[in-house]
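Q: The structure follows.
Values quoted throughout were computed directly from the atomic coordinates according to the rules given, and no laboratory measurement underlies them. This is a predicted model, so every value here is computed, not measured. When we count neighbours, we look across all protein chains shown, and the Cβ atoms used for this are built from the backbone with ideal geometry, even at glycine.
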Amino acid sequence: MNSTRSLQGSPHQFQQQSSPRFRFAPSPNGSLHLGHAYSALLNQRLAQQLGGVFYLRIEDIDTARCTPKLEAEMLADMEWLGLAFDPPMRRQSQHFADYADALETLIEADLVYPAFLSRSESRAMVEEHENNGQKWPRDPDGVPHYPGQERDWSTSQIKAKRLEQPRHAWRLNMAAAIHHIGSPSHLDWMEFDVSGDGSDHLKTGSPADWGDVVLARSDTPTSYHLSVTLDDALQGITHVVRGVDLAPSTSVHRLLQELLGLPQPVYHHHPLIMADDRRKLSKSARDTGLADLRAAGLQPSDIQRMVGLG
Ligand code: GLU
């Protein structure tokens with residue numbers, strides 16, 4: 001993009017890959033279900049079709065909910081299903097220093113700020129505004145935007161507050177970030193077609209819809225948006241294939257790519273496999289969990305057929 005101004009001193013060098021690179025990036029905070037099976041098998045099939053590589057990334061930044069036991073169960077389910085990944089596997093909890101470097105770049109550029117309100121305090125403040133008749137914006141997941149009063153604090157005010165309350169999150173100053181890249185309020189990405197009928201098309205999204213997103217929490221030194229964006233670049237991922245529920249997040253990932261000078265993959269956001277009652281599958285639902293289907297005597301070929309990739 002011509003309008004891009006990425007930050008100086010970005011700590012990593014990234015190269016565009018010549019061969020296609022795909023990844024499957026589950027979070028071991030529950031069990032794999034048919035929806036994961038579909039996403040992983042689709043990635044694997046596309047990597048094979050394009051003669052590319054297929055990586056596994058364990059997205060376990062939430063070290064309280066993501067346990068070694070759940071990870072081991074996930075790995076066993078994936079092996080049973082016939083998924084074969086190219087080495088190396090990347091486990092996010094082993095790379096917190098990489099995310100800290102990227103965050104530091106944004107701190108130095110004054111595009112993030114320390115945010116001191118907990119989730120419940122933020123919600124309470126928004127409720128108070130709404131009770132006073134003020135309309136408050138919500139992000140695509142329905143969460144109210146962070147009030148962000150810290151954006152306007154002076155350096156000495158922030159310093160004093162950090163002494164009093166050392167634990168805080170870091171949030172992106174969304175308006176400043178959009179201004180920094182000199183972009184209109186929308187960012188594009190290429191949504192590629194997997195059926196071969198040539199319907200690749202540009203999609204557009206507005207990162208501002210998300211408000212001042214969290215880039216690091218007080219108890220986790222990164223966030224989904226920061227780590228997924230950086231890892232896609234560090235692993236040289238060229239094709240991001242994931243569920244359509246993550247499509248709205250792509251505008252935030254595109255913004256971070258522009259800010260940090262990261263290459264831009266192409267994307268395919270696939271439909272979700274829904275439960276019979278049309279609800280999204282959950283990691284605790286028994287009847288669609290891979291381990292339960294396997295215990296009930298189903299074979300990997302049955303799973304492939306069930307997700308439409310037989
Ligand atoms: N770890 C995320 C999940 O399990 C997927 C992230 C992504 O594919 O961008 O939902």
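Q: Got a sec? Which residues in the stretch 246-282 would a label at residue 141 touch, if it sits 7 Å along Cα→Cβ and we count backbone N under 19 Å?
A: Of the residues in the stretch 246-282, 246-257, 269-270, 272-273, 280-282 have backbone N under 19 Å from the label point off residue 141.
Q: Through the Karplus equation 6.51 cos²θ - 1.76 cosθ + 1.60, θ set to phi - 60°, convert the phi angles of the stretch 97-107 into ³J(HN,Hα) values in whole Hz; use x for Gly and Pro.
A: Here the 3J(HN,Hα) series is 5, 5, 5, 5, 4, 5, 4, 4, 4, 6, 5 Hz.
Q: Another question, if that's okay. For the chain, set up a Gaussian network in which alpha carbons nearer than 10 Å are linked by springs, and say which option among 169, 291, 124 fluctuates the most.
A: 124
Q: Let me make sure I get this right: for the stretch 19-99, a, b and c are the square roots of the gyration tensor eigenvalues over alpha carbons, sorted descending. Under 1.5 in a/c it's rounded, otherwise prolate if a/b > b/c, else oblate. Which is it? Each step should come with its number before you reach the end.
A: Details: a/c = 2.32, a/b = 1.33, b/c = 1.74.
Oblate, since a/c reaches 1.5 and b/c is not below a/b.
Q: How high is the relative contact order of the stretch 59-146, given as a whole-number percent (alpha carbon pairs under 8 Å, six or more residues apart)?
A: Averaging sequence separation for qualifying contacts and normalising by length gives 20 percent for the stretch 59-146.
Q: Determine ³J(HN,Hα), in whole Hz, for all residues of the stretch 63-72 in sequence, where each value follows from phi through the Karplus function 6.51 cos²θ - 1.76 cosθ + 1.60 and θ = phi - 60°; x replaces Gly and Pro.
A: 6, 7, 8, 9, 10, x, 5, 5, 5, 4
Q: GNM, the chain, Cα, under 10 Å: largest mean-square fluctuation among 258, 121, 191?
A: Comparing 258, 121, 191 in the GNM, the peak value goes to 121.
Q: Can you give me the Cα centroid spacing of the stretch 24-101 and the stretch 131-150 in angstrom?
A: Going from one Cα centre to the other spans 33 Å.
Q: Across the chain, how many lysine pairs, 8 or more positions apart or on different chains, have C-alpha atoms separated by under 29 Å? Please give the number.
A: Numbers: 69/280; 69/283; 135/161; 135/203; 203/280.
Pairs that pass both the separation and distance tests number 5.
Q: How compact and how long is the chain, expressed as Rg and Dmax of its alpha-carbon atoms in Å?
A: For the chain, the Cα-based Rg and Dmax read 20.4, 64 Å.
Q: Now, a different point. I'd like the per residue volume of the convex hull spanned by the Cα atoms of the stretch 46-159, given in cubic angstrom. Please report the intermediate quantities before stating the final value.
A: Working: hull volume 23.1 nm³, N = 114.
Taking the convex hull of the Cα positions in the stretch 46-159, it is 203 Å³ per residue.
Q: About the Cα centre of the chain, what is the dipole size in debye to 20, counting +1 per Lys and Arg Cβ and -1 per Asp and Glu Cβ, all else neutral?
A: Numbers: 30 positive and 39 negative charges, 42 e Å.
Dipole magnitude for the chain comes out near 200 debye.
Q: Here is a follow-up. Taking the highest mean first, how do the peptides 68-77, 106-115 order by number of other beta carbon atoms within 10 angstrom per residue?
A: Working: 68-77: 16.2, 106-115: 19.1.
Descending packing order for the listed peptides: 106-115, 68-77.
Q: If you don't mind, there's one more thing I want to ask. For the chain, what is the relative contact order in percent, using Cα pairs closer than 8 Å and at least 6 residues apart in sequence?
A: Details: 484 pairs, mean separation 83.5, N = 310.
Averaging sequence separation for qualifying contacts and normalising by length gives 27 percent for the chain.
Q: Right, something else. Can you compute the modelled spin-label distance between residue 124 and residue 157, with each label point 7 Å from Cα toward Cβ, in nm?
A: Each label point is offset 7 Å from its Cα along the Cβ direction, giving 2.1 nm.
Q: So what's the gap between the Cα centers of the stretch 214-229 and the stretch 238-310, to the nearest angstrom?
A: Here the two parts' Cα centres lie 21 Å apart.
Q: May I ask for the Rg/Rh ratio of the stretch 149-300, computed from Cα atoms with Rh as the Kirkwood radius, given to two decimals? Before the final figure, lay out the partial values.
A: Details: Rg = 19.7 Å, Rh = 18.4 Å.
For the stretch 149-300, the value is 1.07.
Q: Given R₀ = 22 Å, FRET efficiency for residue 274-residue 63 by Cβ-Cβ distance, to 0.05?
A: Numbers: r = 30 Å, r/R0 = 1.38.
The computed FRET efficiency comes out at 0.10.
Q: Right, here's the next one. Report the net charge of residues surrounding residue 202, where surrounding means a beta-carbon distance below 11 angstrom and charges are Lys +1, Arg +1, Asp -1, Glu -1.
A: Details: positive: 203; negative: 188, 191, 200.
Residues near residue 202 contribute -2 overall.
Q: Could you grab the relative contact order for the stretch 152-279? Cα pairs under 8 Å, six or more apart, rounded to a whole percent. Could the numbers behind the result be given before it?
A: Values: 157 pairs, mean separation 34.8, N = 128.
Computed over the stretch 152-279, the figure is 27 percent.
Q: Which of 306, 261, 288 sits closest to the plus end of the dipole of the chain, meaning its Cα is farthest towards the positive end, when Lys and Arg get +1 and Asp and Glu get -1 on the C-beta?
A: 288
Q: Of the candidates 94, 264, 44, which one comes out as most mobile in a Gaussian network treatment of the chain with C-alpha springs shorter than 10 Å?
A: Greatest mean-square fluctuation among the candidates belongs to 94.
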